[in-house]
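> Encoded as structure tokens, here's the structure I'll be asking about.
What follows is calculated from the coordinates using simple rules that are stated; it is not laboratory data. Remember, predicted model here, so these are calculated numbers, not experimental data. Here the Cβ is made from the backbone with ideal geometry for all residues, glycine too, and neighbour counts use every protein chain on show.
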Amino acid sequence: MDIVKLNAQPRSETGKGAARALRRTGRIPAVLYGSGIDTQPLSVSVQALERMFNSPKFTRGLINLVVEKGGKSQRTVMIKEFQHDPVKEHYLHIDFYEIKMDQKISTMVPVTTTGTSEGVEEGGILQIIRRELEVYCLPANIPEQIEIDISNLDVGDSVHVSEIPLAEGVEIPYDVDFTILTVVSPKMEAPEEEGEEEELEEGEEGEGAGGEESESAEE
């Protein structure tokens, strides 16, 4: 299985000033941690990150992280946390978590649909309630997406998590048989409340998500 490659460099300086100086060079702070290994402060190139995100090899979220320290050490990792400023569109900080290819992990996988619903053709509305689902499997078995055929769905029909066919070795952990998607009548679709929309617009103008860098993003 092809895994996208990303180079990283160790860093010794931490703190807000060091993080800002690092970003001015086109790199951002990063951290590598995992079970049984010491936490390692790293830095990665913003350009290399953008190439990685656009690579078709990144569909399963696995990364071959090459740490350049004296020689080169390679670790299979996934992104545990990624912080960016949505207003300025700046990358701030990224956390990598080392995984073992022979140990099952939990990760989120996007939900997609195929076909055209009979109910939608008759005027119904497709509502996707869960756009991502948690799966539990070996890293090599992580599906690129969970595909649901909606061709036979009529108005009032739903697809529940227990009805989703999965490849061998892939599990979706759940306690309640929740709904993934449904086709509803246009009359059942709840309109947005004007008060909520106005309040959101005021909040966007006042604070703005990501406008201030968090403490963890500075380390």
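> Given Cβ point charges of +1 (Lys, Arg) and -1 (Asp, Glu) and nothing else, what value in debye, to the nearest 20, does the dipole of region 4-99 about its Cα centre take?
That gives a dipole near 240 debye.
> Let me ask something else. Treating cross-link reach as a plain straight distance, find the lysines whose alpha-carbon is under 21 Å from the alpha-carbon of LYS88, omitting any fewer than eight places away in the same chain.
Output for LYS88: LYS16.
> Taking the Cα centroid of region 124-180 and of region 54-111, what is the distance between the two, rounded to the nearest whole Å?
24
> Determine the dipole magnitude for region 32-185: charges of +1 sit on the beta-carbon of Lys and Arg, -1 on that of Asp and Glu, nothing else is charged, the reference point is the Cα centre, and the result goes in debye to the nearest 20.
Using only the charged Cβ atoms, the result is roughly 1080 debye.
> For region 4-99, what is the convex hull volume of its Cα atoms per residue in Å³?
103
> In square nanometres and to one decimal, what's the mean projected area of the convex hull around the Cα atoms of region 105-188?
It is 5.5 nm².
> Assigning unit charges at the beta carbon (Lys, Arg +1; Asp, Glu -1) and nothing else, what dipole magnitude in debye, to the nearest 20, does region 140-184 show about its Cα centre?
Dipole of region 140-184, to the nearest 20 debye: 80 debye.
> While we're looking at this one, here's another question. Where a Cα-Cα gap under 17 Å defines reach, which lysines qualify for LYS5, not counting those fewer than 8 residues away within the same chain?
Of all the lysines, those that pass the test against LYS5 - Cα under 17 Å, at least 8 places apart if same chain - are LYS57, LYS69, LYS72, LYS80, LYS100.
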